[in-house]
Each structure stands twice: as C-alpha cells, then as structure tokens.
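Student: First the structure, then my questions, so here it is.
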Amino acid sequence: MTRIDTIPADGTTAVTVRGLVKHYGATKALDGVDLDVREGTVLGVLGPNGAGKTTLVRCLSTLILPDAGTAVVAGYDVVRQPRQLRRTIGLTGQYASVDEKLAGWENLYMIGRLLDLSRTAARRRADELLERFSLTEAAKRPVLQYSGGMRRRLDLAASMIGRPSVLYLDEPTTGLDPRTRNEVWAEVKRMVAEGVTVLLTTQYMEEAEQLASELTVIDRGRVVAGGKVDELKARVGGRTLEIRPTDSGQLTEMARALSETGLDGVAGSQIHDGMLFVPILADEQLTAVIGLLGARGFDIAHIGTHLPSLDEVFLAITGEKSSEQADGTHHDADDAQLKGAAA
Amino acid sequence: MSTATTTKTAELPEPTPPSTTRTGKSGPAVADEGRIGVRANLRHIGALARRNALQIKQDPESMFDVLLMPIVFTLLFVFVFGGAVAGKGNQSEYVSYLVPGLMAMMGLNVSMAVGSGINEDFQKGVMDRFRTMPIARSSVLIAKIVVEIGRMMIAFAILLIVGFILGLSIETSALEVLAAIGLSLLFGASLMWIFILIGLSVKTAQAVQGVGIVVLMPLQFGSSIFTPPTTMPGWLQTFTDYNPLSNLADAARGLFIGGPVAHDLLMTLAWSAVITLATAPIAVAKFRKKT
C-alpha cells in the first residue's frame, strides 16, 4: 500500500525524512514517516485532522524532538544541528505566529533584528515585505485589528524575512474565506517561483492540486500514498460533472447519448439520486458534454462539478475510510460558470 | 518510549557535511555550530525587550500594578497601621520604617507578572516563531526580565515620591539609597526565575496568580516589612529571621536611615544568588523542552 520515492540520484533533495516516529503516550502521532521534497518544489502533505501533519511540521522545524528516525533539511540534521537549521527555514502555522499586540511593521522589524539584520536593513526589509504583501496601509496598526487574511499574509511575510530556503506551511488557508485563500495561494506560488522549497500540509485536495507538484497522503501517522499529483489524480479520478435533467425520466436517455459519443471516461457515467455523474478528465470534455446535451435538446435543471473530497481520495487509494470524515469540495463558482455556458 | 533517546542519533543514512549541501544564500555568516555570539545575543535581547515594551504601549492597563500599587499600599499602611505601630501622630516616623521595606514587597509583586506573561506567550503562536529562529532560547526570558526590572524601577520611583510626600526622611547618602534600590532590583530579578518556572509549569496565566498569592502572603506579612517582629510569637520570629524579605527590608532600611547593614546585605546577596542558580537553569531547560 505504501509507495515511497527513493532519493533522486542527483541529490537535489531539500527535505529527507526516514522512519520518523513521535509518540504521545499511547498515541502514535508519527508512526514511521518517509518522505522527500525535491529542491525548489512543493510537496503537499494531505491528510485529515489528527493524521500527524502538524506533528511532522513541528519535528521538521525543531519545535519537538522525534522519538526515532531521521530528518535532514537543507543539509542539516533536525536533531543534531537545530541551530544551523533554524537559519534556513521559515514556518507559517495554522495559528498566526506573530505578536498580536504589536503593529505589523514592528513584528517584521523585530524578526529582522532577531535574524541579525542591521537596523537599517531590518527597516528596509519590513517596508519591502509589507509592500509586497499589500499590508503597507496597515503597517502601523496592531495585528489584533487585522482580518484573518491580513494576519496570514503578515505571517507569510514574517517567514520570508530571513529568505529561507525551505518553508513549512501548516494548513495555510484553514479558516480563510475563498477570496483570501486565493490571495494566500498566489503568494505561495510567487515564493516557489523564487526558488523556495515548500512543505505544505493541507486537508484539501484542491489546495494540494493548486500548489503542489507531488503529494504524500498520510493518515494515523503513516504514509498511505505518494507520488506526482497527476498520477494520484489519475488513480483517484479527476472532477465529476453532475447533471440533473428537468425531467428525471430522461436520465438513462442522457447517459446513453453520452456513451455513444465515445469520449474518454464518459462511458463511466453513473446515475443516482436523480442525477447523472460524469467523470471529467479534461476541460474540453465539459464543453463537449454540455454541447452535446444542448444539441440533443435535453432540459437541464442543475449542473455542477466537484473535485474528489479527501474522503474519496482515501477511499480510492486505500479502499478504506480516513480516520476522520472530511467535507467534499463543492464549487459554486464552477456551477455558475457552467450554468452560463449551458444557457 | 524507552528507545526514544537511543535511536534518534543512531541512524542517519548518509551524514551530509552541511558546508557542501548548504546553498548559503541566506543570512550573514555565523560561527561554526551555529553558536550565538555575545553581541548577537545582546541584539536579540534588545529586539525582544523592545517587543515587551511595545506590548505595554498597546495595553497600558498592564501598568496599573506598577503605577497604583506603591500609592495604594503606602497610603493604606501608613494611615491604617501607622498610628498603631508607631503611636498616634507618629505616622511620618512609620513612613521611614515602611518605605524601604515596601520595595521588597513591590519587587515580589512585580516579579509575579513575568510568570503570567510567559504563560500567555505560550498560549499564542508567537512563541513557536521565536523557537524556530536562530536565537538563544534564554534571550526570550532575559528580555522579559529586563523589561520587568524597568517596571520595577518605575514602581520604586513612585514609592519614593509618595514616601517623600508623607514625610520619608533619608539619613544617609544618595549612594546608599541607590545601593538599596539596586539590592531590591537584584532580589526581585532572582524571584522572577521562580515565577518563570511557575509560568512554564501551570496551564493558565490565572493559575500563576493563584499559585503566586499562596506563596506571597505568608512571605510578605511574616517578615519585618510592615512591623518590627519583636511583638511576634517566638516561632514566627524564627520564621521572619530566616525570611529573605526581612533581610532585604532590613538591609534597605539600614541603607536609608543608617545602622548596621552588613549581615542583611550579605544575606540578601546570598539569597539572590542561590535562588537564581537554583531556578534559572531549570527554567531555561523547561523553556527549551516545552512544546
């Protein structure tokens, strides 16, 4: 069941974890985790609450000591060289790790000074990062008055001050609204474009798909799957198009019409709950399917697409339910777009 | 896990020499092993102390203890107990007895705040940030102590002003008064390590206050701060004799109004050293390990 990539021969691995174990009493938060992050890429660590994602990040950022196993980040051993390691990493957690009582600028200036920048350099870097993260206007306001998204952006800015080569993002968009989430994603993409290696933990398949090139799925402290995002998606299945005809009597007729087109995967359509579910492998298929249904004169009452939820991913990969049921990702935005296209 | 400590260093697949794999694109040059030099350490303490001071600016109410305690306690003790202790109409005589001793009490109360402050920091994510940075972990604690000493100095200044208004008389020189203040600050700083330790051990900031009060009340009142112990029962006199707050109060009093101070001064210095040496290493170790 477990698939572990071996270390690439060219040695461009920024993070190497082997057999990492961390127990809290009887709870095995990490139960022998292996993973690699290639330099300059994003590894998504996907898993439900309590899977061990945060424990993993805390071990790799020297906040806790593992009980067994090894982890080497940017060439430094997590257990034996924590001081050197701290110079090369940045951490943005689920909870803003900035001082709420201080102004945004003061937070960044303080971190600059703690990273041994001169006063002038720390000042310049604080200004520069506030500008980049669109926080210049809020620079002098205490973080307590910031919105959730502003806090998360400040947190990212704080992690960037030391120009880390490896950045840990622990559920960076949990609790954010969709618009703010997109802003955070855009910033992360920008950092990666600048050559930062990112280890990202997330509960959302969509986030992993947006940001990561490779994925490690963990559950109950163990790696249950790993590989390129595209490979995993191929195993799990991509998006599903759901269609409800105005007249539910037309369901089977619709399914037959689609299967006759010979489009890849469309033959695997299923009918349940008064809806037709069509597997979609590429965007063109969406247009083709909707165009065809329109041309045949079917009346459509509802249309939408959804990505596999974390639970569907687990089900597809392991044939088991994850340790915690997570919500599926449903896209109202996609709904609206398709309705427009169909009309 | 019994295997915990034995396995973690045993099996590194291929020990990579950091100098070759490290890209070296971030941060200024540092000494080998990532040790933090004295100057860098002072800079870190400075940056963190600035943070603590800015927190006060944002939350001025946190200064109430320092600003009001010296006024309220001095007025209360002088006018409620002063007559009974020194005789009716002799309140000003009691002021000169009380005020040097009150420095010991203020020091104790202010130092308690450092415990709840540390505890609060741990409830917030900011401590994770500090602990993933290349700074000595003790610098976070020392910065806190530096700012609390500053707060203590403000409390002492207010105490002396109130004292002078109520008739405090100093029979010695400015040098000796400064020595008394310095001694009180030193002792207060050593107490902070105890409260840091408590702050790191209990779950909430309120619990720090609770534990603190239980320890503070008997120590404060079972001392020579408020009255000379001569009227106390024998067993209590023994307690007050060994109470470090009595030593500090008596030493400060001697330095304000004259009289023999050598014994109490040395005792206070010894107490400060013992408390610091006994609790600071434990507090720093606990701080490092806390998750």
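Student: Using the Cα centre of region A:13-234 as the reference point, and only Cβ charges (+1 on K/R, -1 on D/E), how large is the resulting charge dipole? Debye, rounded to the nearest 20.
Tutor: 680
Student: Let me ask something else. Against the longest principal axis of chain B, how steep is helix B:262-289, in degrees 0 to 90 to the nearest 10, with axes from Cα atoms?
Tutor: Approximately 30 degrees, to the nearest ten.
Student: Moving to a separate point now. In whole Å, how far is the Cα centre of region A:114-186 from that of region B:143-214?
Tutor: Value for the Cα centre distance between the two parts: 37 Å.
Student: Can you compute the helix-only [θ] at 222 nm over the protein assembly as shown? Use -39500 (n - 2.57) per DSSP H run of at least 4 residues, normalise by all residues, nearest 500 deg cm²/dmol.
Tutor: -17000 deg cm²/dmol
Student: Could I ask something else about it? Mind pulling the angle between the C-alpha long axis of helix A:178-193 and the longest principal axis of chain A? Nearest 10 degrees, somewhere in 0 to 90.
Tutor: The angle comes out near 60 degrees.
Student: Moving to a separate point now. Students often get this wrong, so check it: of A:LYS53/A:LYS101; B:LYS57/B:LYS203; A:LYS140/B:LYS144; A:LYS140/B:LYS203; A:LYS53/B:LYS124, which have C-alpha atoms separated by over 31 Å?
Tutor: A:LYS140/B:LYS203
Student: I would also like to ask the following. Gaussian network model of chain A, Cα springs within a sub-10 Å range: biggest mean-square fluctuation belongs to which of A:ALA138, A:ALA295, A:ALA158?
Tutor: Looking only at A:ALA138, A:ALA295, A:ALA158, the biggest GNM fluctuation is shown by A:ALA295.
Student: Would you look at the GNM of chain A, springs on alpha carbons closer than 10 Å, and say which of A:GLY25, A:GLY227, A:GLY47 moves the most?
Tutor: Answer for the Gaussian network model of chain A: A:GLY25.
Student: For chain B, what is the relative contact order in percent, using Cα pairs closer than 8 Å and at least 6 residues apart in sequence?
Tutor: Dividing the mean separation by the residue count of chain B yields 24 percent.
Bear in mind that the values in this text are calculations on the coordinates, not laboratory data. Bear in mind the structure is a predicted one, so any value in this text is a computation, not a measurement. Note that we place each Cβ from the backbone using ideal geometry, even for glycine, and neighbour counts take in every protein chain shown.
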